[in-house]
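These notes are about the structure you will find just below.
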Amino acid sequence: MIDKDTIERIKAAADIVDVVGTDVALRKRGAGYVGLCPFHDDHSPSLYVSPSHQSWRCFACDEGGDAVSFVMKRHCLTYPEALQLLAERYCIHIPEANLTCEQWIVQKAREQMLLVNEATMHYYASRLRTEEGAQGLAYFRSRGYSDDTLEAFSVGYAPENSNVIGAVKERGLHMHYLMPSDYDVTFRSGQTIHVDHGIGTVVQTDGRFRDVFAGRVIFPWMDERGRVVGFAGRKLDGATKGVEMKYRNSSDSLVFHKNQHLWGLQQARDAIIKAGNACIVEGYTDVMSMH
Ligand SMILES: [Zn+2]
């Protein structure tokens, strides 16, 4: 639970014009601002933002409220989740006095794992435009996807000699979060550590670290807040011989529960809210084609 004082500090820091302006292009009009309402198919600016009242209102769909309610509705979040997002955005520290030591460790591990996933996503995406990722790019091109679509879904390629560990270390993050949970890692120095909380992107076999997605095109999984929680990797055509799975997903972890996420929801959210309905399809590439 977030205490009253902290809630007040978050609300004071989250200026309504800034919060709404992050998602909607606002124009000054009179004492306030106007913009296209993101909650209905708006063509004439119906959204009004009042800095003096720290409030917003859409005169077409009759929605309105304060900065927290805007973030809740915009990102489909609960009240505490919206406060958390605003606290992160405006650098307000939420005291963790009520956490047990174990809860604190889990929370810190979750934060690190999300950062590791994000670094991993950028690494895979950057490989797509290099020689070692050429076959990955060729696969997406053969499906007819534009650069805009590839970027919208942040897809990538994990090269055969993937250096995902290097990419994670470069960002000052611990590589052991890349290992599976409940896993012993032995380093060249001979030191062995036990990993309690890991993502499972890298495994160690015969003393060597191996990216489980090597040789696959990558579809990152994002949660409803746009955080990278896991990955799916597809073996390229002609490389699916033998017993290797065509698709491989991140294993479930502190941050990833495959049966609780819907792939592409982050990219489709605005359109779903405006249309009031959603179309569910079977595969990653189906979602990209529909997009
Ligand atoms: Zn509206």
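Miscellaneous remarks
- Environment charge of Arg269, counting only residues whose C-beta is closer than 15 Å and scoring Lys/Arg +1, Asp/Glu -1: -1
- In this label model, Ser189 and Leu236 are separated by 3.8 nm, measuring between points 7 Å along each Cα→Cβ vector.
- Straight-distance candidates among the lysines for linking to Lys28, with alpha-carbon spacing under 18 Å and chain neighbours fewer than 8 residues away dropped, are absent.
- Shape summary: region 91-179 maps onto an equivalent ellipsoid whose semi-axes, from the alpha-carbon gyration tensor, are 34, 16, 9 Å in decreasing order.
- Backbone N within region 122-164 under 18 Å of label point (7 Å from Ile272 Cα along the Cβ vector): 152-154
- Taken as Cα centroids, region 33-88 and region 1-27 sit 11 Å apart, rounded to the nearest whole angstrom.
- Karplus-derived 3J(HN,Hα), 6.51/-1.76/1.60, for each residue of region 274-291, Hz, glycine and proline x: 5, 7, x, 8, 9, 10, 9, 10, 7, x, 4, 6, 5, 4, 5, 5, 4, 4
- Positive dipole terminus of the chain, leading residue within Ala60, Val229, His43 (C-beta point charges): His43
- Under the combined filter of DSSP loop state and at most 12 neighbouring Cβ atoms within 10 Å, region 174-217 retains these trypsin sites (Lys or Arg not before Pro): Arg188.
- Leu77 long-range amide H proximity, modeled H, under 5 Å: none
- Measuring gaps between exposed loop sites in the chain (GluC sites (Glu not before Pro); DSSP loop; at most 13 other Cβ atoms within 10 Å), the longest gap, sites not included, is 1-95.
- Assigned charges on the beta-carbon of Lys, Arg, Asp, Glu; the chain dipole about Cα centre (debye): 500 debye
- Its Cα gyration tensor gives the chain an equivalent ellipsoid; the semi-axes, largest first and in whole Å, are 38, 26, 15.
- Mean separation of Cα pairs under 8 Å and 6 or more residues apart, divided by the residue count, gives the chain a relative contact order of 14 percent.
- Cross-link reach is defined here as a Cα-Cα straight distance under 22 Å, omitting same-chain residues fewer than 8 places apart; for Lys11 the lysines meeting it are Lys73.
- Summing Lys and Arg as +1 and Asp and Glu as -1 over all other residues whose Cβ lies under 14 Å from the Cβ of Phe153 gives a net charge of -1.
Throughout, read-outs are computed from the coordinates displayed, never taken from laboratory work. Source: prediction; values computed, not measured. Cβ sites come from the backbone with ideal geometry, for glycine too, and all protein chains shown count toward neighbours.
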